[in-house]
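Taking it in order: structure first as structure tokens, then the write-up.
Computed from the coordinates by the stated procedures, all read-outs in this text should not be read as laboratory data. This is a predicted model, so every value here is computed, not measured. Don't worry about glycine lacking a Cβ; one is built from the backbone with ideal geometry, like all the others, and counts go over all protein chains shown.
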Amino acid sequence: MIEVKNLKKSFGDLHVLKGIDQLVNDGEVLCIIGASGSGKSTMLRCINRLEEPTGGEIYIDGELITEQNIDKVRTRMGMVFQSFNLFPHKSVLENLTMGPVNVKGESADSAKQKALKLLDRVGLAEKANEYPRNLSGGQQQRVAIARALAMDPDVMLFDEPTSALDPEMVGEVLDVMKALAKEGMTMIVVTHEMGFAREISDHVIFMDEGYIKEEGTPKDIFENPKDPRLQDFLSKVL
Amino acid sequence: MQDYIQGFLIACKGIPVTVSVSIMAVILGAAIGLLLALCSQAKNRPLRAVVRLFIDIVRGTPMLVQALIMAYGLVWLIQSKGVDFKWPSFIIPATLVCGLNSAAYMSEVIRSGIEAIDKGQMEAARSLGMTHSMAMRLVIIPQAIRVILPAFANEFVTLIKETSVLGYVGVAEILRRGQLWNASSYKTFPAFIGVACAYLLLTVPLSKLINGYQKKMSKKEAAH
């Protein structure tokens with residue numbers, strides 16, 4: 001369970017988040033939508049402290065996330081980036097085993113077995129010994145998802161996972177994410193894929209100018225939007 | 001012709017010393033350079049200032065002066081405190097001076113190599129729960145090394161030439177051998193031509209090797 005309380009973030013004079021409150025229960029999928037610059041990626045990055053919040057608190061299972069416990073907390077929180085960020089000097093398999101072996105102290109052998117299972121799950125078992133540069137964008141992102149899952153996280157954060165992909169590769173990545181959601185993974189997803197948000201989320205928030213302007217079930221948000229900014233946004237993206 | 005061949009052969013006797021000092025200095029330089037590069041990025045301000053001061057001093061003074069300070073000045077200082085001290089061999093202060101010089105240069109190369117790595121790499125590593133130092137060791141530095149390897153090799157070539165000043169502190173490297181022979185035989189031109197050829201024998205093949213490696217790497221990059 002992730003609880004965000006009065007989260008604020010400024011970059012100098014620029015106030016990106018002006019007080020965000022949100023609760024994500026176990027097994028829930030939260031999608032964050034909004035225009036570029038509305039603060040949705042910043043909110044996600046504050047949750048695992050890739051950005052240090054200027055104010056407010058974030059709790060994971062009731063435990064306050066601080067600078068001191070962040071390394072430990074991150075092992076329970078997988079992150080998938082827009083630009084994949086696979087380690088180019090390591091094979092696909094090593095990308096998956098590096099975290100479990102070095103951070104959690106798992107044996108190389110059990111980490112490898114688990115990694116192979118995960119690669120199979122994202123449909124890339126035969127690419128285990130390839131290097132990331134030999135994979136397509138969609139394949140790289142599926143490996144990145146598997147890498148995050150290799151840490152056995154309680155929650156997965158996705159930061160626009162399909163925005164850097166060629167259109168024909170978006171589907172394969174969304175399919176992996178949908179399967180994950182159906183298995184009951186807790187997920188927070190920043191996305192421009194409205195179809196995905198509508199189909200998979202339990203809860204959708206619309207961010208605008210550093211605030212949550214409107215939130216609700218996918219049905220509320222997509223079929224009956226009340227805020228004029230949301231209506232305007234949806235008319236442009238749908 | 002006989003004189004030139006003799007001059008060359010005498011200069012070549014200094015090659016083992018020149019090469020071993022250069023190798024030790026390049027290793028020392030890489031190790032200390034890495035340390036300096038990491039310190040120069042640390043959050044601790046005084047630490048950064050000390051690193052900056054060290055680099056400015058080393059790069060702002062001639063290596064010959066540093067070698068004289070290290071080989072003779074330091075000995076004088078320690079002896080003046082009443083401690084009986086003598087370098088067991090002048091190769092030691094010579095290697096130290098070359099290593100520290102190299103470190104000052106390499107720290108800048110390593111720093112720029114580290115900065116050239118996409119910041120998403122650090123974020124991805126940290127998001128897996130790695131500490132900053134673990135991420136540096138496992139993710140950032142291995143990638144940075146590929147970027148800076150040619151600069152390392154070039155630094156080795158530079159060091160081979162720069163060690164020529166060490167003759168002034170009594171190290172029997174290539175130039176020193178030639179000078180001694182010149183002093184006893186008065187065959188000045190053959191002596192120094194021989195010295196030059198001995199340096200070329202080392203630097204030309206090395207440079208060719210580096211260029212070959214760089215071409216191979218850039219072809220490999222282009223293939224992807």
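Here are some notes:
- Selection count where residues are surrounded by fewer than 23 Cβ atoms within 10 Å (Cβ to Cβ) and either away from chain B (no Cβ under 13 Å) or farther than 20 Å from A:N48 by Cα (or both), scope the stretch A:140-153: 0
- Selection of the stretch A:117-131 for residues being part of a helix (DSSP H, G or I) and surrounded by fewer than 17 Cβ atoms within 10 Å (Cβ to Cβ) yields A:K117, A:D120, A:A125, A:E126.
- Evaluation of B:A172 against (1) of a type outside the set (D, E); (2) assigned to a helix (DSSP H, G or I); (3) touching a residue at least 12 places away in the same chain (Cβ under 8 Å) (one fails), failing number: (2)
- If you go through the stretch B:167-184 and pick out every residue that is touching a helix residue (DSSP H, G or I) at 6+ places or on another chain (Cβ under 7 Å) and over 16 Å from B:C12 (Cα atoms), you end up with 2.
- Among the candidates B:L128, B:L175, B:L149, B:L159, the residue that is within 14 Å of chain A (Cβ to nearest Cβ) and buried (at least 21 other Cβ atoms within 10 Å of the Cβ) is uniquely B:L128.
- Matching residues, the stretch B:89-120, being free of Cβ contacts under 8 Å to residues at least 12 places away in the same chain and over 30 Å from A:S83 (Cβ atoms): B:S89, B:I92
- Within the stretch A:68-88, tally of residues that are within 20 Å of A:V170 (Cα to Cα), in a loop (DSSP other than H, G, I, E, B) and either among the charged types (D, E, K, R) or more than 7 Å from chain B (Cβ to nearest Cβ) (or both): 3
- Only a single item in (1) crowded, with 23+ Cβ neighbours inside 10 Å; (2) outside any helix (DSSP H, G or I) is not met by B:I117, and it is number (1).
- Taken together, the residues in the stretch B:132-148 that are free of Cβ contacts under 8 Å to residues at least 12 places away in the same chain and of a type in the set (S, T, N, Q) amount to 1.
- Selection from the stretch A:99-111 of residues that are without any contact (Cβ under 8 Å) to a residue 12 or more places away in the chain, within 11 Å of chain B (Cβ to nearest Cβ) and hydrophobic (A, V, I, L, M, F, W, C): A:V101
- Test result for B:A151, touching a residue at least 40 places away in the same chain (Cβ under 8 Å) and of a type in the set (A, V, I, L, M): yes
Table: residues versus (1) among the charged types (D, E, K, R); (2) surrounded by fewer than 19 Cβ atoms within 10 Å (Cβ to Cβ); (3) free of Cβ contacts under 8 Å to residues at least 60 places away in the same chain.
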| site | (1), (2), (3) |
| --- | --- |
| B:P46 | no, yes, yes |
| B:R52 | yes, yes, yes |
| B:I55 | no, yes, yes |
| B:R59 | yes, yes, yes |
| B:Q66 | no, no, yes |
| B:Y72 | no, yes, no |
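- Residue that is farthest from A:L174 (Cα to Cα) [pool: residues in the stretch A:50-59 that are more than 9 Å from chain B (Cβ to nearest Cβ) and buried (at least 19 other Cβ atoms within 10 Å of the Cβ)]: A:P53
- Verdict on B:S112 being part of a loop (DSSP other than H, G, I, E, B) and surrounded by fewer than 17 Cβ atoms within 10 Å (Cβ to Cβ): no
- In the stretch A:90-116, the residues that are surrounded by fewer than 18 Cβ atoms within 10 Å (Cβ to Cβ) and of a type outside the set (D, E, K, R): A:S91, A:G105, A:S107, A:A108, A:S110, A:Q113, A:L116
- Restricting attention to the stretch A:112-139, the residues that are within 19 Å of A:V80 (Cα to Cα), within 12 Å of chain B (Cβ to nearest Cβ) and not aliphatic (A, V, I, L, M) total 3.
- Selection status of A:L50, in contact with an Asp or Glu (Cβ under 7 Å, 6 or more places away or on another chain) and within 29 Å of A:L165 (Cβ to Cβ): yes
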